[in-house]
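So the structure is just underneath, and the comments pick up after that.
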Amino acid sequence: MNWNRIDLRWAYTDLLLSLGRRTGCIQLAQDVLHDAFIRYLLVDRKTRIEQPNAYLRTVAQSVLIDHFRQAGRFCSLDDPEGLAVANESLNEHFAPTPEHLLDMRQRLEALQRIIDCLPPRCREVFWLVRIEGHKQMDIARMLGISLSAVERHLIRALMDLRAAKELLTS
């Protein structure tokens, strides 16, 4: 039985059982599988996938990682012991390698150097929009400048960041 070139028997036996073992919860495994189906369908409409079952397995693993990362952001404050167990479990499966940590540290330092080189008002606007998540209209009110000035500062910051990224990747 096939659906969009996916063998549903395989998906609901082998793949679902594999996800169930990794999650420890069959309902969560079903949710992950269904989210993977949706992602698969959206991509397959744009580009024809040569190995649909292999692609679906990879997408399901990605959905599962996304779920664990999202779940890791929340914990019950009433159960500190449960938090420790959850963190150990997440760290076992998704602990970054030393190389990855070094790469991330270097990227963050490069980003900080670029941001530090921005003019003060431009840096402040960028920080308020991209880091703190304020709306441009609110920033204009907070800083006592026009909305177009906020937009110009943000565009300047983004252009400088893009130029720096292009220099780093070339």
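Mind checking which pairs have a first residue in region 26-46 that is aromatic (Phe, Trp, Tyr) and a second that is part of a helix (DSSP H, G or I) and buried (at least 16 other Cβ atoms within 10 Å of the Cβ), Cβ under 7 Å, 6 or more apart or different chains?
Tyr40/Tyr55; Tyr40/Leu56; Tyr40/Val59
Among the residues of region 128-157, count how many are under 24 Å from Gln106 (Cβ atoms) and either of a type in the set (S, T, N, Q) or at pLDDT 90 or above (or both).
1
For (1) modelled with pLDDT under 90; (2) basic (Lys, Arg); (3) closer than 13 Å to His67 by Cα, each residue gets a yes or a no:
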| position | (1), (2), (3) |
| --- | --- |
| Ile6 | yes, no, no |
| Thr13 | yes, no, no |
| Arg22 | yes, yes, yes |
| Leu28 | yes, no, yes |
| Leu33 | yes, no, yes |
| Ala36 | yes, no, yes |
| Tyr40 | yes, no, no |
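I'd like to verify a number: residues in region 147-166 that are exposed (fewer than 13 other Cβ atoms within 10 Å of the Cβ) and touching a Lys or Arg at 6+ places or on another chain (Cβ under 9 Å), how many?
Number of matching residues: 0.
Hey, could you check region 43-60 for residues that are among the charged types (D, E, K, R) and surrounded by 15 or more Cβ atoms within 10 Å (Cβ to Cβ) and say which is farthest from the chain's Cα centre (by Cα)?
This residue is Asp44.
The values are calculated or read from the model by the stated rules, or taken from the named source; none is laboratory data. Bear in mind the structure is a predicted one, so any value in this text is a computation, not a measurement. Cβ atoms come from the backbone with ideal geometry, glycine included; neighbour counts cover every protein chain shown.
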